[in-house]
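Remarks on the structure that follows.
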Amino acid sequence: MFLHLGENVVVPIKDVIGIFDIETTMYSSDTSQFLRMAEEDGFVERITEDKSKSFVIAEVDKKSKIFLSPISSSTLCKRSQMFYLEP
């Protein structure tokens, strides 16, 4: 199964490492520094020019990649969990 991150970007759910809310995590200077360094190193992919609401860390081609998504972290979590619900 795949997780739709916005625009035309999808990632296999099995490759998702974490889904994080931008506003909540940016209070930490460590997170800000982590994202800045990851962007400098080319690991960040901005999905759209719209304001990012979340970031998703996934393993793509055996490398970690960070996707900045316009979709909220709660919506992405719900999307990822709906495949595991029992009828």
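The set of residues in segment 1-13 being open to solvent by 100 Å² or more (accessible area, probe 1.4 Å) and free of Cβ contacts under 8 Å to residues at least 12 places away in the same chain consists of PHE2, ASN8. Just to be sure, is GLU86 modelled with pLDDT of 90 or more and more than 15 Å from PHE20 (Cβ to Cβ)? So GLU86 fails the test. Looking at segment 64-81, is at least one residue open to solvent by 50 Å² or more (accessible area, probe 1.4 Å), farther than 17 Å from LEU5 by Cβ and in contact with a Lys or Arg (Cβ under 9 Å, 6 or more places away or on another chain)? No, segment 64-81 contains no residue that is open to solvent by 50 Å² or more (accessible area, probe 1.4 Å), farther than 17 Å from LEU5 by Cβ and in contact with a Lys or Arg (Cβ under 9 Å, 6 or more places away or on another chain). Please determine, by comparing only the residues of segment 34-59 that are among the aromatic types (Phe, Trp, Tyr) and within 13 Å of the chain's Cα centre (by Cα), which one is nearest to ASP21 (Cα to Cα). Within segment 34-59, the match that is nearest to ASP21 (Cα to Cα) is PHE55.
Total residues in segment 25-51 satisfying the condition of being surrounded by fewer than 12 Cβ atoms within 10 Å (Cβ to Cβ) and either among the small types (Gly, Ala, Ser) or modelled with pLDDT of 90 or more (or both): the figure is 11.
The values are calculated or read from the model by the stated rules, or taken from the named source; none is laboratory data. Because the structure is a prediction, the values reported are computed rather than measured. Note: ideal-geometry Cβ built from the backbone for every residue, glycine included; neighbour counts use all protein chains shown. In case anyone asks, the SASA skips ligands and DNA or RNA and just uses the protein heavy atoms, side chains included. Shrake-Rupley method; radii C 1.70, N 1.55, O 1.52, S 1.80 Å.
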